[in-house]
1. Placing one identical point scatterer on every Cα of region 187-302 and ignoring solvent, what is log10 I(q)/I(0) from the Debye formula at q = 0.16, 0.22, 0.23 Å⁻¹?
2. Would you please give the FRET efficiency between residue 195 and residue 34, computed as 1/(1 + (r/R0)^6) with r the Cβ-Cβ distance and R0 = 56 Å, to the nearest 0.05?
3. Could you pull out which residues in region 176-191 have an amide N less than 11 Å from a spot 7 Å beyond the Cα of residue 367, following the Cα-Cβ vector?
4. Cα centroid distance between region 175-240 and region 494-533, in Å?
5. Using 0.36 nm per residue of separation minus the Cα-Cα distance, give me the extension gain between residue 397 and residue 244 in nm, one decimal.
6. Relative to the present Cα-Cα distance, how much length would full extension add between residue 183 and residue 116 at 0.36 nm per residue of separation?
7. Over the chain, what is the relative contact order in whole percent, taking alpha-carbon pairs under 8 Å and six or more residues apart?
8. Could you check the spin-label model distance between residue 71 and residue 205? Points 7 Å from the Cα along Cα→Cβ, value in nm.
Ligand code: 16G
Ligand code: ZN
């Protein structure tokens, strides 16, 4: 039976605020930190139950609000293979978080345990971590109460990045098996990445220093430690590494700032030299944006689409050179936000699929390929190697030196690239590998294809739930008649493309438009927004 007494006693210490409705959305629970106490407690209980349901496998809990402002926080669950929580549990997480009283919470739990047939005698294990937000420490204490209340064994992974936590979950659950993912420690993570990186660049010249904008978040201490393991193989210069300055987190810096404002963070003016490579992490280091300044000091952004193009072309070449192109099928997954220029470039080289916004959709679709590459334009993405592909890479016997080298590179890429979730630091090393192999500067990378001018606007509407989409969010089915008007408008713009979708994270509708020239893209976006409003 449920340990009702212990749940009751501890739950009473974490009452749910009235007048707040929580939702487990695309990125877990996320809102202003000071209403989240009860949510963290209940997530601790739920994580324990998820572990019991999965026969005692370790479940992860990450306390972060990513690129959101410092006063926000959030929490998400990580499944045993290091992937995001199975979506069928999301509504239950939402329901449990909204029970108004302890008694209601317990009766919801009882119903839940029954309907999911959870064997409460099973062991439960939870590993958890947090980012650098000042609210994190107290929220973790509430989470620990939840873990204790359900009688689960907790392991505190401290202050670290979201991708490190995902790595740990997979490493813990595969320990001692043939799918072993690495040592289940931060050090194991650094060693895995740094060793693979050094092998991949061993025959290349030492690159010039890379500047990292750490968003004044947890990426700073983790990148600093990674730098020690990389040694001379990649000189790193860390900027925006002030993790204790109040209000600094994600403030006019970081990957989300760069993507939305398409500007160099002001704090980097005079720090980034013309021609030097720079990149920005977000607040939990699972998004990455590259950029550089040209000789005239003009800013150029290399976003998730540019990363996808660079990486996909490189891996396609390696697979071909290795002689494995008949056995290993590649594919790229994007969303409707992918720049039309990138989609065209990629489609000429490998199959491209478009799915709805949100990491879980991209990740899931990428799993259908032998090697699946996915990146959102906002800089979140990774490259997945299926188990069958990893087996092929292990057993394949190359017949020429060129094949042998390409095979070795593919094996090392499989080690370098985080297989659980998008990882800014792993992706950064991946980009550096390709740039080193191609001897590309930012300029050459940037000119793989030309971005179509585009504009994203948000529109506040009375009820965003009125907006329903189909075809991977590229067409509206509701409100009735609106899509026809948009289609009619888009036809009048050269290279025009536009779509409208309700945001999953804000109470707004987003309008995206693209056209061959800047003024037209802007005009199209504002005219479509006019139709929506
Ligand atoms: C969340 C998603 C991100 C997506 C964004 C879209 C995860 C972990 N994160 O941050 O992938 O791009 O939402 O936000 O899935 P929107 O729905 O407000 O446009
Ligand atoms: Zn993030």
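Values quoted throughout were computed directly from the atomic coordinates according to the rules given, and no laboratory measurement underlies them. Since we're looking at a predicted model, the values are computed, not measured. Backbone-built Cβ (ideal geometry, glycine too); neighbour counts: all protein chains shown.
1. -0.75, -1.24, -1.29
2. 0.85
3. The answer is none, because no backbone nitrogen lies closer than 11 Å to the label point.
4. 39
5. Here the segment from residue 397 to residue 244 would lengthen by 49.9 nm.
6. Taking 0.36 nm per residue and subtracting the Cα distance, the gain is 20.9 nm.
7. Taking the mean separation of contacting Cα pairs over the length of the chain, I get 12 percent.
8. 5.0
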